[in-house]
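S.K.: Before I ask anything, here is the structure I am working with.
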Amino acid sequence: MSTAFHKVIMGLYDFLKECFSGFWDYETPKVMVVKNRTLGVIYRAVQFLVITYFIWYVFISQKAYQDSETHPDSSIYTLMKGTAVHGDDILDSVEYASPSEGGDVISTLLRRDITYDQKQGTCAEYYKVENANCSKDADCVPGEVDFNGHGRRTGKCIQYYNHTFKTCEIQSWCPIEEYAVVREPALVEAINFTVFIRNYIHFPKFKVLRGNIEDSLGKRRKRKYLNKCQYNEETDPYCPNFRLGYIASQARESFSELCRTGGVIGVFINWDCNLDLNPSYCKPTYSFRRLDVRKDEDNSGYYYRFAKYYSKNGVESRTLIKAYGIRLDIIVHGQAGKFSPIPTIISSVTAMTSVGICTIICDWIMLTFIDKNEVYSDRKFDEVREIASAFELSYIGSFGSNHSDLSDGVPL
Amino acid sequence: MSTAFHKVIMGLYDFLKECFSGFWDYETPKVMVVKNRTLGVIYRAVQFLVITYFIWYVFISQKAYQDSETHPDSSIYTLMKGTAVHGDDILDSVEYASPSEGGDVISTLLRRDITYDQKQGTCAEYYKVENANCSKDADCVPGEVDFNGHGRRTGKCIQYYNHTFKTCEIQSWCPIEEYAVVREPALVEAINFTVFIRNYIHFPKFKVLRGNIEDSLGKRRKRKYLNKCQYNEETDPYCPNFRLGYIASQARESFSELCRTGGVIGVFINWDCNLDLNPSYCKPTYSFRRLDVRKDEDNSGYYYRFAKYYSKNGVESRTLIKAYGIRLDIIVHGQAGKFSPIPTIISSVTAMTSVGICTIICDWIMLTFIDKNEVYSDRKFDEVREIASAFELSYIGSFGSNHSDLSDGVPL
Amino acid sequence: MSTAFHKVIMGLYDFLKECFSGFWDYETPKVMVVKNRTLGVIYRAVQFLVITYFIWYVFISQKAYQDSETHPDSSIYTLMKGTAVHGDDILDSVEYASPSEGGDVISTLLRRDITYDQKQGTCAEYYKVENANCSKDADCVPGEVDFNGHGRRTGKCIQYYNHTFKTCEIQSWCPIEEYAVVREPALVEAINFTVFIRNYIHFPKFKVLRGNIEDSLGKRRKRKYLNKCQYNEETDPYCPNFRLGYIASQARESFSELCRTGGVIGVFINWDCNLDLNPSYCKPTYSFRRLDVRKDEDNSGYYYRFAKYYSKNGVESRTLIKAYGIRLDIIVHGQAGKFSPIPTIISSVTAMTSVGICTIICDWIMLTFIDKNEVYSDRKFDEVREIASAFELSYIGSFGSNHSDLSDGVPL
């Protein structure tokens, strides 16, 4: 144990001494140069491929010389504009858009199923609810609450509104929506509603702030332009007002179908900023995609229910609204890149290492196909055999020289 | 200066000439092969460890051969279902769930503290507010607004509602919540409320869209299944209806405790998609965790206040509701991977480089422990001394040959 | 074809045989050691630079030895506190803050433009709307809906409220906002409103959960502290109550200007956790920045409209409120790092590879400036010429030895 330990220490000591004594020596790998045209061509071809890949894909396409930043801080402000006529009523954005705070999710109602004048009370359960159909009171269990039903059963069996059959009486908001609902026609004018989307992004690493609103125009012209313009990829790419009809068509959806079922549409704002160029080139592009899947008929669509409460002769009443609509989810993707020495160095080192590793391929070709007489392999591989006797001999033989060529076996 | 410059130019010229003349030569490192069994075993063992690590950890576990994408675009739609009986009233989702738009944050109220019939007016300040207790008008500073109080002091000292002590009169919504509040019992039925969560994710890079709703069933059976099913990790993993009671138990929270204090629960939808397999394997898993920390008693919990406004005899009145509830924050994590040649190549190059660097360990072992007579070190390291005289001599000696072996010192 | 195939197979067979026979040999590159002080100094200097860069930048500054995690799960709960006096009315948080659910976006109104008592009906269009001015009924197209107008034209030309000129009559919510609006003064007390922000973050990979609320105090003192304290970077860094005035001043905005135009302010919570240290050092810092850009006058600012609906003598009426305010977007940035062997190894391998690649620089210096007599280049590059005749000769000459030194041209 102690001798082994001693050996390790001595080994370390020798190693360190050698290190120190040889500290100012320069070490460089020995290289065999093979003057063979075939091999040379293969070698350069492989190197060319690797270097081309690095220059083309890594440097030019992936911009590996840039420091990059994704997920910028983003601020969204949305505002719906437009007026719809609905029978004798006018709907403005206060009525059809929600929530009102103008965040990154905004929904517009396109069609309403309204149940007017509901009050807490008792009425007949919807006939499609399980076990709701009855012929006598005994069919209805008092106190039972069906999960898909509308309330608590009182235990009575009553006439289903102005129909001839009977269902169990329930305690609920009465009358129930399924019976009393009034289906309104869709707001066809909604196709011309516009949503104003203001988006500012900030890359904290690069301290770059960009907005999606054109500011090359003068102040007065700008205000006028922004009030009237409508976004169009070709003609008005920097106008932040988006017609609902345009959004639907870009998402390849039929607006009338959306009015029927509702839907969730993603508005993607894509920022791809190369900060080595003029920052004014850093402009967003927009894309639109329906986020709920249309073909999945039963589960697609978008609706929500809300109620307006009021007091009628001292009794709390409500108007229940089932609103089918478009929900716009505004999703911001951003990335920015700027030249930086560190990723450049790292990519270059990786490129050089990869070029170096190419020799593996060429070595294999050389040693297998070209090296007929093992000339190359003898020169590349300097075999050192550990045969004690031969070792002693040659060691003595090469005495005086501090370099020994054991395997050469040159007779002295 | 000019000579130095000339030297640099000439050096470059020679370097380039040499480069060009030797362009089609193949260069490969010279290697010393040591026929020593011990060293060979150590060498292969180290290589084996490195290769095993790369194959096991980097390739199999980390899937470094795949191009990956995280943070997919996600679309959430939520809908609360269920009916609660509260005394003689029925509460449906319109009343207990908010906001109504069905986004990724939805809260359900479980318990209400209601203050009915508040009006703008004057009344007594809450006795626990600082300096609110008084015995005469002079104790109350008119116009003062206490930060934790309810309004502006009028300067009078009045009886505290139907109690015997006095507090300062304030201008406020009267009566104050602390005095007039009616604490309702918890909605125990809420344990059976379900939240329907529809989630579609989209990986833009791979153009893959996935939803969390089972679609292997036929259309009719599916609708029926989705109406009735409740998510359960074992029995119904692809049903998107989650019972609040199930969510609470999975988050290891007591539902009755949640009814008392409220709480915020995260519903995590985790997508881990290996796109090299059949996409139908790409299914979400769910996990549930309370997001506000329960042990931190004073700050945990979740409540919010809202009011219903109405006009009573021409005077604006309101019912103030302090709602304790569960807020569900639906958080989507996603990642997808697909085979791609580029990361495969990069990982392989890194692996080979690492294998190559292993020689450092073996070199140290060889030179320290095995190389008794410096045979190996002599053969590995070809020392070139810069001693001018020896240099001249040997240079002349080897004249005629364009290769000189200085250090060998072989007598000619 | 078949011979070529045979050749490939034989080549592979030989290669594999050789591989197997030499499997337990240790291969190490041959190295030339140049005992030149100048070169040694350059060599070590370059190595020193590379190593320093790796230790300083990669290891110490970038903490490349750590496994890191960004984008932690975050849970936000916000609550506004404070009371404002507005004429004879008191506004509490239920009235000025929205939405009520306390998520990561909360807005406070600072100033209201109120239009009382709007009803569906007919009235004069706003005179600034295009083509709204008229002198006779024929100027107004019945049924026309102007996009920036308020409703559908009836075809009549009527007096503009109590003015002398005329505009087209429209069907709309009447009277129109522009005419009937009552501009309220700003809620100057809002500068003292506080927002309580509770934030918990969770790093799933490291299983670390942290909150932004001081918990070193006892329970009772803590409750008292949290009720009264206000965040200040120096004096109260762990208090989660933020005065709106403090937020505005930190974002370098004038509060009175914000009251006029409204604005969106980002509250950034930054977690930078080094988990190798005591977790109690893992505390958030806050920063504040206005997210809509002030200088962009026409588009900056923040307002939203909402309405309070009520029934007046059986007719639906509403109070329309245009609310200018501050919207706080709470944005959480987080990253955590913990020592891990794998990134340490990868960084070290990269460092060593980079150190190895340094020889390229020194080789160029050596071969260009120092290698006067091509001594070094001869020793580094072992040229193997493929001249058949010379080859045969030397091959025969060196017969008996299994190593041949072709290019040496040593006369036998």
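The values are calculated or read from the model by the stated rules, or taken from the named source; none is laboratory data. The structure displayed is predicted, hence computed values, not measured ones. Here the Cβ is made from the backbone with ideal geometry for all residues, glycine too, and neighbour counts use every protein chain on show. With ligands, DNA and RNA removed, areas are computed over all heavy atoms of the protein, side chains included. Shrake-Rupley method; radii C 1.70, N 1.55, O 1.52, S 1.80 Å.
S.K.: Given axes a ≥ b ≥ c from the Cα gyration tensor, I'd like to know whether segment A:195-261 is rounded (a/c under 1.5), prolate (a/b larger than b/c) or oblate. List each step's numbers first, then the result.
M.R.: On the way: a/c = 2.96, a/b = 1.56, b/c = 1.89.
Here segment A:195-261 falls in the oblate category.
S.K.: Any chance you could give the angle, 0 to 90 degrees and rounded to 10, that helix A:2-21 forms with the longest Cα principal axis of chain A?
M.R.: 80
S.K.: Related question: If you put a point 7 Å past Cα along the Cβ direction, how far is that point for C:W24 from the same point in each other copy, in nm, smallest first?
M.R.: Result, one decimal in nm: 4.5, 4.5.
S.K.: In chain A, which longest range has no GluC sites (Glu not before Pro) that are both DSSP loop (not H, G, I, E or B) and surrounded by at most 11 other Cβ atoms within 10 Å?
M.R.: Numbers: sites that count: A:E130, A:E233, A:E234.
By the stated rule (loop sites, at most 11 other Cβ atoms within 10 Å), A:235-412.
S.K.: I need the inter-copy label distances for C:N270: point set 7 Å along Cα to C-beta, values in nm with one decimal, smallest first.
M.R.: So the label point of C:N270 gives 3.1, 3.1 nm to the other copies.
S.K.: When only Cα pairs under 8 Å and 6 or more residues apart are kept, what is the percent relative contact order across chain B? Walk me through the numbers before you get to the answer.
M.R.: Numbers: 669 pairs, mean separation 78.5, N = 412.
Over chain B, the number comes to 19 percent.
S.K.: Right, here's the next one. As a test question: what accessible area, to the nearest 10 Å², does B:W24 have when a 1.4 Å probe is rolled over all protein chains in place?
M.R.: My reading of the accessible area for B:W24 is about 100 Å².
S.K.: Something else: What is the local net charge at C:T194, summed over the other residues whose Cβ is closer than 9 Å to its Cβ (Lys, Arg +1; Asp, Glu -1)? Working shown, then result.
M.R.: On the way: positive: C:K81, C:R243; negative: none.
Here the charged neighbours net out to +2.
S.K.: List, shortest first and in nm to one decimal, how far the label point of C:K156 (7 Å from Cα along Cα→Cβ) is from its counterparts in the other copies.
M.R.: Sorted ascending, the copy-to-copy spacings read 4.9, 4.9 nm.
S.K.: Just the number: Rg to Rh for chain A, Cα atoms, Kirkwood Rh, two decimals. Numbers along the way, then the final one.
M.R.: On the way: Rg = 40.0 Å, Rh = 30.4 Å.
Looking at chain A, the ratio lands at 1.31.
S.K.: Over chain C, with a Gaussian network built from C-alpha contacts below 10 Å, which listed residue (C:V355, C:V33, C:V94) shows the highest mean-square fluctuation?
M.R.: Maximum fluctuation in the GNM of chain C, among the listed residues, is at C:V33.
S.K.: Moving on. Could you work out how far the C-alpha centroid of segment C:256-284 sits from that of segment C:108-176, in angstrom?
M.R.: One Cα centre to the other: 46 Å.
S.K.: Not counting ligands, DNA or RNA, and with a 1.4 Å probe, what is C:K17's accessible surface area in Å² rounded to the nearest 10?
M.R.: 120
S.K.: In square angstrom and rounded to 100, what buried accessible area do you get between chains B and C, total over both, with the probe at 1.4 Å?
M.R.: On the way: alone 27510 and 27430 Å², together 47580 Å².
Roughly 7400 Å² of accessible surface disappears when B and C pair.
S.K.: With the full set of protein chains in place, find how many percent of the accessible area of segment A:83-183 is carbon and sulfur; take the probe as 1.4 Å. List each step's numbers first, then the result.
M.R.: Values: 2100 of 4390 Å².
Whole-percent figure for carbon plus sulfur exposure: 48.
S.K.: Then there's this: If you count the DSSP beta bridges with both ends in the protein assembly as shown, what percent of them are antiparallel, to the nearest 5?
M.R.: Percentage antiparallel, nearest 5: 80.
S.K.: Just read off the accessible area of B:H163 with the full protein assembly in place, 1.4 Å probe, to the nearest 10 Å².
M.R.: 80
S.K.: While we're on this one: So the label point goes 7 Å from the Cα of B:I345 along Cα→C-beta, right? Which residues of segment B:51-70 then have their backbone N under 20 Å from it?
M.R.: B:59, B:63-69
S.K.: Starting from the exponent 0.38 and prefactor 2.2 Å, build the expected Rg for the protein assembly as shown from its residue count and divide its actual Cα Rg by it. It would help to have the intermediate numbers written out before the result.
M.R.: Working: Rg = 40.8 Å, N = 1236, 2.2 N^0.38 = 32.9 Å.
For the protein assembly as shown, the normalised Cα radius of gyration comes out at 1.24.
S.K.: Probe of 1.4 angstrom, ligands and nucleic acids ignored: what's the accessible area per residue over segment B:29-131, in square angstrom? Could the numbers behind the result be given before it?
M.R.: Working: 4280 Å² over 103 residues.
I get 42 Å² per residue for segment B:29-131.
S.K.: Still on this structure, please answer the following. Ranked from the most accessible area to the least, with a 1.4 Å probe and all protein chains present, what is the order of A:W271, A:W364? Working shown, then result.
M.R.: Values: A:W271 5, A:W364 80 Å².
My answer, sorted largest first, is A:W364, A:W271.
S.K.: How much accessible area per residue does segment C:178-288 have, counting only protein heavy atoms and a probe of 1.4 Å, in square angstrom?
M.R.: Details: 5480 Å² over 111 residues.
I get 49 Å² per residue for this part.
S.K.: Restrict the search to segment B:139-199; then list the chymotrypsin sites (Phe, Trp or Tyr not before Pro) that DSSP places in a loop and that have at most 16 other Cβ atoms within 10 Å of their Cβ. Mind showing how you got there, number by number?
M.R.: Values: sites: B:F147, B:Y160, B:Y161, B:F165, B:W173, B:Y179, B:F193, B:F196; in loops: B:F147, B:Y160, B:Y161, B:F165, B:F193.
Counting only loop positions with at most 16 other Cβ atoms within 10 Å, the chymotrypsin sites (Phe, Trp or Tyr not before Pro) in segment B:139-199 are B:F147, B:Y161, B:F165.
S.K.: Still on this model: So what is the relative contact order of segment B:126-175, in percent, for Cα pairs below 8 Å that sit 6 or more residues apart? All intermediate terms of the calculation are to be shown ahead of the outcome.
M.R.: Details: 94 pairs, mean separation 17.3, N = 50.
Relative CO of segment B:126-175 lands at 35 percent.
S.K.: Using a Gaussian network model on chain A with a 10 Å cutoff between Cα atoms, which of A:Y302, A:Y65, A:Y43 fluctuates the most?
M.R.: It is A:Y43.
S.K.: For a Förster distance of 30 Å, can you work out the FRET efficiency between the beta-carbons of A:K207 and A:I60, rounded to the nearest 0.05? The partial results should precede the final answer.
M.R.: Values: r = 26 Å, r/R0 = 0.88.
After rounding to 0.05, the efficiency reads 0.70.
S.K.: Quickly work out the C:K156-to-B:D14 label distance, labels modelled 7 Å from Cα along the C-beta direction, and quote it in nm with one decimal.
M.R.: 10.5
S.K.: What are the ³J(HN,Hα) couplings of segment A:258-274, residue after residue, when phi is run through the Karplus curve with 6.51, -1.76, 1.60 and θ = phi - 60°? Round to Hz, x for glycine and proline.
M.R.: My calculation for segment A:258-274 gives 4, 4, 6, 9, x, x, 10, 10, x, 9, 9, 9, 10, 10, 10, 9, 9 Hz in order.
S.K.: Extending each Cα 7 Å along its Cβ direction at C:N232 and C:R260, get the distance between those two points in nm, one decimal.
M.R.: Going by the 7 Å Cα→Cβ label model, 3.0 nm.
S.K.: Between the helical axis of A:219-228 and the dominant principal axis of chain A, each derived from Cα atoms, what acute angle in degrees is found, rounded to the nearest 10?
M.R.: 60
S.K.: Also, quick follow-up: For helix A:388-397, what angle does its Cα long axis make with the longest principal axis of chain A, in degrees from 0 to 90 and rounded to 10?
M.R.: The answer is roughly 50 degrees.
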